[in-house]
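Just below is one structure, and these are the notes that go with it.
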Amino acid sequence: MATDFSSYLPYCGSPALPVTLWSSWNLDPWLIAGFAIAAAAYWRGGSPDRGAVSSREQAWFYTGWAVALLTLISPLCAMSVALFSARVAQHMLLVLVAAPLMVLGRGQVMLQLPRWAHPPTVAKRVVGSGRLACAVFAMALWFWHAPGPYSQTFDSTLTYWAMHASLFAAAIMLWRAMLPRHARSVGAALMVALVTAVQMGLLGALLTFARRPLYVEHWNTAMAWGLSSLDDQQLGGLIMWVPGGTVFIGVAVVAIAAVWRTLGVADTAGLRTIR
């Protein structure tokens, strides 16, 4: 039985229609205030007396910040109520674009904790583990795209934000395990990228080749966009499968190239020593 939108409206409001799409902005003052506080905290944390970030890092961070904000306040928010594929696109923008940009921008400077509150070294190592990052991201991705938990995000604003917060936090962990400045080694980054590409591609393929629609919330709402709910689901699967797989395979290729260059430098140094 489809969700009754008359009794409860999801966080993003009524399912968007093509004729009203560009008027369907989500101008939630609490959401906008939260983003403004995050930007101010980053600016304060990156000040010269606190270990300033570079202008390039600031550009990375604020670009990622803007992408995340637009993903949540633009008409894509209301569109994600109508279409599963729009919800997947929303997730991919947060996971594949906003998260790595904010990691490149050293977004952690927002959290300027007093010295006594800093986590112990062991805790930092555990959180920075590539294996843990892979596992946490995979669990978050598969859990929130399972029909049951997915449906709950339409019935509870708290669950909706739990989904976004957990996916984004897991993506931050993942990118910190892959990007050169944070990754423990090129080999670890390669492992994280390949495992993530495989598991995300598998979920995308399962959604693409499913023989029946799995998400009852879109059984009727997709029709306004000229799609059956199965077409919408398959499109969502492709969005997850192709862009997601391409990004993580690209990271793996970069890691392999780095290993190859390292081996080449080592071979050259060895030849010079022999000579």
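Could you order 143, 61 by accessible surface area, starting with the largest, using a probe radius of 1.4 Å?
143, 61
Mind listing the phi-derived Karplus ³J(HN,Hα) values for the stretch 53-63, rounded to whole Hz, using 6.51, -1.76 and 1.60 with θ = phi - 60°, and x for any glycine or proline?
Karplus-based 3J(HN,Hα) across the stretch 53-63 equals 8, 6, 5, 5, 5, 4, 4, 4, 4, 5, 5 Hz.
Hey, what do the phi angles of the stretch 236-246 turn into as Karplus ³J(HN,Hα) couplings, whole Hz, using 6.51/-1.76/1.60 and θ = phi - 60°, x for Gly and Pro?
x, x, 5, 4, 6, 6, 6, x, x, x, 5
Determine one quarter of the surface area of the Cα convex hull of the stretch 186-263, which equals its mean projected area, and express it in nm² to one decimal.
5.6 nm²
The values are calculated or read from the model by the stated rules, or taken from the named source; none is laboratory data. Note that this is a predicted model, so its numbers are computed, not measured. These area figures cover heavy atoms from the full protein model, side chains too; ligands, DNA and RNA do not enter into them. Shrake-Rupley method; radii C 1.70, N 1.55, O 1.52, S 1.80 Å.
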